[in-house]
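Working notes for the structure below.
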């Protein structure tokens, strides 16, 4: 007989209790994994950002534009490799609930800076040829059932009116960290239409995207750009793409902190549940542990039996929880694609699941082990009968 | 050690328990010798200290004062860890309620103490099969305790006690939970262990029939070994 056989059989002595505890751990690990995935999804844009891309925006606020003339001045600054620009469009497709990111950009230079966005060459050519052309992400196209050649009308919020676009391309991400729910079109189309209507925001960009030669010079280049436009009518605030993305998240940081807190509360609750199971188990078997000690087994053997059982119960629940996380996250990703364009269960999350399970199993076993090891044999034997 | 000297030598042994601010003496100045191959019964009313004395001899409890030598080893001076090692190789336990592990088969229960011995699986199997044949339960080796009668469970417990070939066997009311027929079988088995295998058995019992099987009966009363009530058979 191997001692593991005994641990395994002990774990299933009270089948209903073990089943309910395993179920509790499964649900807890599933919930923990999903909440950690939500947090990851929150930071997905940050994680996907490049260290060689800077974003320059109006120092006052993103809602104020920058003159188009800045483009050539930025290009001349030392350390700058390329410059592009874009403007947030904020259009609504049929209904507000159909939210997705949509913006105008200068396609050639912009897409050259995003090698992670992959567009078939013939679609790219068609997009560049058509002033009213637009490119949508694969998931967005799937969501609304669009196909190449379809006309999509967005209702402008920042730029009033109905805006028609022809889907000329569908992009996909180089890997699963790329948002495939965005919609972009030619900045020229926006600018010309605004010019014709005699509106403001003509020859203006919402932000500049700057490619630098070396990520180590990001701070220097940012300072040089901002210095160039110091005391102008539209001063700039230049930062790395990562910092730019983080500035959005910082607005909702309280929510992220709350989610993090809830995820750990779940682990704490399940810790109490497993600890209760193990405490009941150890209390019932205190006589048996006394018999083991009588036969010459020592404290670490008893601890091994209790911790082993705690680990088996917790890890079975954890395995089921982790296995369920993937299909459930897929459903979440589908249902919440408007809020979380990237909703992938990261390897880091699985490691956290496993680590949390081990912590639960270990903590749950501490008190029962302490009690079983420290009880006098004679007292333990008296509990039998 | 001299072959003629007792296998258990107890000198001036005292033990008391604390209950709140009170100290209750359980054993008072006990001195006792037990020879190798002896079958000793300890009798006395409830609370007389029989089980406490047995626990002290078996090294599962600590005395307040006095000395206990088992096969030349002064066990009162051993640490908890040393006592655990000592018990594993020197003491076989037989309990009133058998105290078998319910999730293990008869074979696995008997094998349990051997897991600490460092024997190979094959050697363990040989020892367990021998012990099973001694208690005549070879055909029940794959049964779990719940599938065995009380008498059979106690035989498994005896096999577990003898499988390591210990120096002494201690039995606390071994027939206390058995019907008369099963009790007789167990006592006969214990007698065989003494006669055929030269085991030393110290048994606590209330049952005069069980005590009659012993070579010697010692009476305890209020923690004092009553020399006047010693019975030799």
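Computed from the coordinates by the stated procedures, all read-outs in this text should not be read as laboratory data. The shown structure was predicted, so the numbers you read here are calculated from the model rather than taken from an experiment. Cβ sites come from the backbone with ideal geometry, for glycine too, and all protein chains shown count toward neighbours.
Along its three principal directions, the equivalent ellipsoid of the range A:148-219 from the Cα gyration tensor extends over semi-axes of 27, 21, 10 Å, largest first. For the range B:1-66, the Cα gyration tensor yields ellipsoid semi-axes of 25, 13, 9 Å (square root of five times each eigenvalue, largest first, whole Å). The alpha-carbon positions of the range A:60-234 define a convex hull whose volume is 131 Å³ per residue. Computed over chain A, the per-residue total of -39500 (n - 2.57) for DSSP H runs of n ≥ 4 gives a 222 nm mean residue ellipticity of -18000 deg cm²/dmol, rounded to 500. Need the C-alpha centroid separation for the range A:216-290 versus the range B:1-80, integer Å. The range A:216-290 and the range B:1-80 have Cα centres separated by 63 Å.
The distance between label points at residue A:155 and residue B:165 comes to 9.4 nm (points 7 Å beyond Cα on the Cα→Cβ vector).
Each of B:67, A:337 was scored by other Cβ atoms within 10 Å of its Cβ. Listed from fewest to most, they are B:67, A:337. Here the extension length gained between residue A:256 and residue A:197 equals 17.0 nm, from 0.36 nm per residue of separation less the Cα-Cα distance.
Could you please state, rounded to a whole Å, how far the C-alpha centre of the range A:16-84 is from the C-alpha centre of the range A:355-385? The two parts, judged by their Cα centres, are 46 Å apart. Normalising the average separation of contacting C-alpha pairs (under 8 angstrom, six or more residues apart) by the number of residues puts the relative contact order of chain A at 29 percent.
Given the peptides A:289-298, A:101-110, arrange them by the average over their residues of other C-beta atoms within 10 Å, most packed first.
The densest-packed peptide leads the list: A:289-298, A:101-110.
Here the Kirkwood formula puts the hydrodynamic radius of chain A at 24.8 Å, using every distinct Cα pair.
Over all distinct Cα-Cα pairs of the range A:276-334, the Kirkwood formula returns a hydrodynamic radius of 13.7 Å. Projected label points at residue B:147 and residue A:268, each 7 Å from Cα along the beta carbon direction, are separated by 4.8 nanometres. For the pair the range B:121-136 and the range A:318-351, the centres of their Cα atoms are 54 angstrom apart.
Length, then width, then depth: along the principal axes, the Cα atoms of the range A:109-168 run 32, 26, 20 Å. Per-residue extension of 0.36 nm, minus the Cα-Cα distance of residue A:331 and residue A:130, leaves a gain of 68.7 nm for this segment.
How much length would be gained if the chain were fully extended between residue A:3 and residue A:15, taking 0.36 nm per residue of separation minus their Cα-Cα distance, in nm to one decimal?
Numbers: separation 12, 0.36 × 12 = 4.32 nm, distance 1.99 nm.
That works out to 2.3 nm of additional length.
Computed over the range A:318-385, the P(r) tail beyond 15 angstrom holds 69 percent of alpha carbon pairs. Taking other C-beta atoms within 10 angstrom as a stand-in for reagent exposure, A:88, A:163 fall in the order A:88, A:163, fewest first.
Take the Cα of residue B:46, step 7 Å toward its Cβ, do the same at residue A:60, and the gap between the two points is 9.3 nm. With R₀ fixed at 30 Å, the C-beta to C-beta distance from residue B:139 to residue B:82 puts the FRET efficiency at about 0.15. Ordering A:187, A:42 from the fewest to the most neighbouring beta carbons within 10 Å gives A:42, A:187.
A Cα-only calculation for the range B:8-232 places Rg and Dmax at 17.4, 54 Å.
Estimated from the Cβ-Cβ distance and a Förster radius of 30 angstrom, the FRET efficiency linking residue B:122 and residue A:373 is about 0.40.
Dividing the summed helix terms, -39500 (n - 2.57) for each DSSP H run of n ≥ 4, by the number of residues in chain B produces a 222 nm estimate of -10000 deg cm²/dmol to the nearest 500.
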